[in-house]
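The values are calculated or read from the model by the stated rules, or taken from the named source; none is laboratory data. These numbers come from a predicted model, not from an experiment. Note: ideal-geometry Cβ built from the backbone for every residue, glycine included; neighbour counts use all protein chains shown. Each accessible area value is taken on the protein alone, full model and side chains, heavy atoms only, with ligands, DNA and RNA left out. Shrake-Rupley method; radii C 1.70, N 1.55, O 1.52, S 1.80 Å.
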Amino acid sequence: MSARGHAFGIDIGGSGVKGAAVDLATGELVHERIKIATPHPATPQAVAEAVAELVAKAEWDGPVGLTLPAVVIGGVARTAANIDKSWIGTDARELFSAALGGRPVTVLNDADAAGMAEDRYGAAKDFAGLVLLLTFGTGIGSALLYHGTLVPNTELGHVEVGGRESEHRAAASVKERDGLTYEQWAAEVSVVLTTLENLFFPVVIVAGGGISRDADQWIPLLTNRTPVIPADLRNTAGIVGAAMAIDGGITP
Ligand code: BGC
């Protein structure tokens with residue numbers, strides 16, 4: 001199956017490999033997303049098998065876009081902050097293409113995909129100018145877009161703030177791990193956001209990741225200047241952005 005105006009996106013995360021066909025006119029999923037548990041250890045080979053299983057389940061025979069929580073340049077993973085280290089140097093495009101019978105695939109960073117989706121269809125769709133999306137999860141992912149054009153692999157979660165990487169201060173996992181209240185965690189997030197807005201001066205910051213579901217509990221506590229709005233597409237943003245990357249011919 002593959003239909004005009006539809007593209008297939010797969011979001012590879014720590015707990016699930018999730019995918020669906022996306023209607024690129026609306027940014028909506030064409031069917032319920034299909035989820036396969038991420039194998040452990042999440043080695044390239046094991047993940048590629050999960051991807052093949054997912055695509056077979058969906059009976060999709062067209063090109064596929066995929067996200068990885070890593071810097072991806074020319075289809076090759078260059079970092080692995082929160083994934084299996086064996087991804088570093090892996091040609092993910094070649095790996096997934098081979099697992100999918102040689103069809104064309106596009107691979108990009110997970111936060112870049114989410115940012116593209118939120119910018120075109122979601123929370124930032126009515127903002128013109130520089131948009132910054134940050135995903136708060138195990139780490140902090142970032143996407144920077146200017147009038148819809150992505151600057152790939154910004155990796156702002158690794159910017160040092162006060163001598164510590166931003167994601168080590170303010171990822172959602174830090175709140176969990178240290179049992180922080182929303183007040184305590186929001187103070188850390190504010191320091192990170194203030195640093196980033198002083199560097200980039202975005203018109204809006206979109207907050208994504210699972211914790212954006214509780215946005216009303218912490219966004220009002222932030223003390224930085226730029227308006228912060230919760231992501232709209234939530235757990236479909238990565239899938240939608242992965243599907244868009246095929247359409248846009250993006251090969252970061
Ligand atoms: C990685 C990024 C990724 C982010 C969110 C960071 O640790 O370096 O590539 O986008 O986590 O998954």
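Here are the numbers for this structure:
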item: Exclusive hit being in contact with a His (Cβ under 7 Å, 6 or more places away or on another chain) and free of Cβ contacts under 8 Å to residues at least 12 places away in the same chain, set 176, 165, 160; result: 165
item: Enumeration of residues in the range 119-139 that are under 21 Å from residue 214 (Cα atoms) and either within 14 Å of the ligand (Cβ to nearest atom) or touching a Phe, Trp or Tyr at 6+ places or on another chain (Cβ under 9 Å) (or both); result: 119, 132, 133, 134, 135, 136, 137, 138, 139
item: Subset of the range 161-172 [within 14 Å of the ligand (Cβ to nearest atom), among the small types (Gly, Ala, Ser) and surrounded by fewer than 24 Cβ atoms within 10 Å (Cβ to Cβ)]; result: 172
item: Candidates 221, 233, filtered to the one that is touching a helix residue (DSSP H, G or I) at 6+ places or on another chain (Cβ under 6 Å), touching a residue at least 12 places away in the same chain (Cβ under 8 Å), open to solvent by 10 Å² or more (accessible area, probe 1.4 Å) and under 13 Å from residue 118 (Cβ atoms); result: 233
item: Scope the range 131-172; condition of a type in the set (Gly, Ala, Ser) and part of a helix (DSSP H, G or I); matching residues; result: 157, 166, 170, 172
item: When residues of the range 140-160 are limited to those that are over 21 Å from residue 189 (Cα atoms) and within 14 Å of the ligand (Cβ to nearest atom), the one least open to solvent (accessible area, probe 1.4 Å); result: 150
item: From 61, 126, 91, 119, residue being in contact (Cβ under 8 Å) with a residue 12 or more places away in the chain, open to solvent by 50 Å² or more (accessible area, probe 1.4 Å), among the charged types (D, E, K, R) and more than 19 Å from residue 19 (Cβ to Cβ); result: 91
item: Filter pass, residue 188 being charged (D, E, K, R) and open to solvent by less than 10 Å² (accessible area, probe 1.4 Å); result: no
